[in-house]
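Notes follow the structure.
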DNA sequence: CCTTGACCTTCCAGTCACGGGAACCCTTAT
DNA sequence: ATAAGGGTTCCCGTGACTGGAAGGTCAAGG
């Protein structure tokens with residue numbers, strides 16, 4: 001199975017798969033012609049990585065999660081700590097974005113949006129503390 | 001007024017101020033010794049930029065907003081379009097993060113977080129569609 | 001006058017997680 | 001034999017800075 005087909009199966013671009021090999025997240029074998037030879041375990045890891053990335057985990061987190069995934073003697077507590085920290089970061093980012101949204105929404109609502117130059121949005125950006 | 005004091009007044013690091021000059025957002029004058037000479041208008045622009053950035057506008061957006069801010073014959077409609085688009089992007093990012101949060105939260109809740117290796121979080125990352 | 005320390009300057013490298021594109025090799029079909 | 005469509009490596013660019021090195025400037029103290 002060549003890289004493009006693997007890419008389709010796991011839902012990651014070929015470039016990303018090569019990059020993941022570069023940084024040591026996967027270590028596929030090689031065929032005689034130099035092409036990568038992906039084992040089922042490589043496919044599983046890639047799919048795992050794809051799902052973790054889609055949940056917003058950083059590459060560093062993914063590396064740690066993958067190590068836990070591979071380690072049959074892991075403690076689920078270790079996984080839960082990682083995931084909980086990430087969950088907290090997501091919550092913070094949501095709160096920050098909601099604050100931005102509220103402030104900007106306020107400004108936008110009060111802007112006439114016509115041909116006149118007077119604009120509460122620019123006023124807000126220029127003058128508020 | 002030297003760059004550090006300006007930085008404190010407008011709430012941006014000196015490095016960022018130099019960077020903003022680099023990319024042409026501000027054009028402070030120079031003193032005889034080569035130090036930057038900031039006019040009040042430079043301070044206003046920097047404060048404006050700081051607030052726009054804190055609302056999540058990209059540098060490209062900030063450049064456009066600054067141009068509108070400087071243009072006395074602008075139409076507030078142009079500002080409103082920019083701000084509304086950004087608002088929509090913020091909303092999308094919030095939705096994405098909330099989806100991640102919901103999924104991950106589900107996984108975390110079902111994880112015992114003890115010394116045993118069995119972990120629903122890893123199961124979820126490994127097996128779900 | 002000299003030095004010290006705290007400024008300022010420019011420039012280069014690194015961040016994060018890839019994506020684009022060049023230059024070249026391999027396989028398959030015509 | 002060649003053309004199309006894989007694959008490979010390698011290098012550069014992204015956004016918005018941040019850190020750090022090398023060197024110029026300034027005010028105060030001995």
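The numbers here are math on the coordinates, done by the rules we state, and not lab data. Computed from a predicted model, the values in this text were never measured in an experiment. Virtual Cβ from ideal backbone geometry, glycine too; neighbours counted across all protein chains shown.
Listing for the model above:
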| item | result |
| --- | --- |
| Chain A residue with Cβ closest to the axis mapping A onto B, distance in whole Å | A:94, 3 |
| Convex hull of Cα atoms in chain A, direction-averaged projection (nm²) | 13.3 |
| Equivalent ellipsoid dimensions for the stretch B:25-95 as semi-axes, Å, which come from the Cα gyration tensor, largest first | 29, 15, 8 |
| Relative contact order (%) - the stretch B:1-80, alpha-carbon pairs under 8 angstrom, separation at least six | 24 |
| Gaussian network model of chain A, Cα within-10 Å springs - most flexible of A:115, A:31, A:85 | A:115 |
| Choice from B:11, B:50, B:34 with maximal GNM fluctuation in chain B (Cα, 10 Å cutoff) | B:34 |
| The stretch B:57-105-the stretch B:1-16 distance, computed between alpha-carbon centres (Å) | 25 |
| Per-copy distances of the residue B:60 label point, shortest first, in nm (7 angstrom along Cα→Cβ) | 2.9 |
| Cβ-based exposure ranking for A:29, A:46, A:125, in which fewest neighbours within 10 Å come first | A:29, A:46, A:125 |
| Rg(Cα)/(2.2 N^0.38 Å) for the protein assembly as shown, N = residue count | 1.36 |
| Most mobile of A:83, A:60, A:32 in a GNM of chain A (Cα contacts under 10 Å) | A:32 |
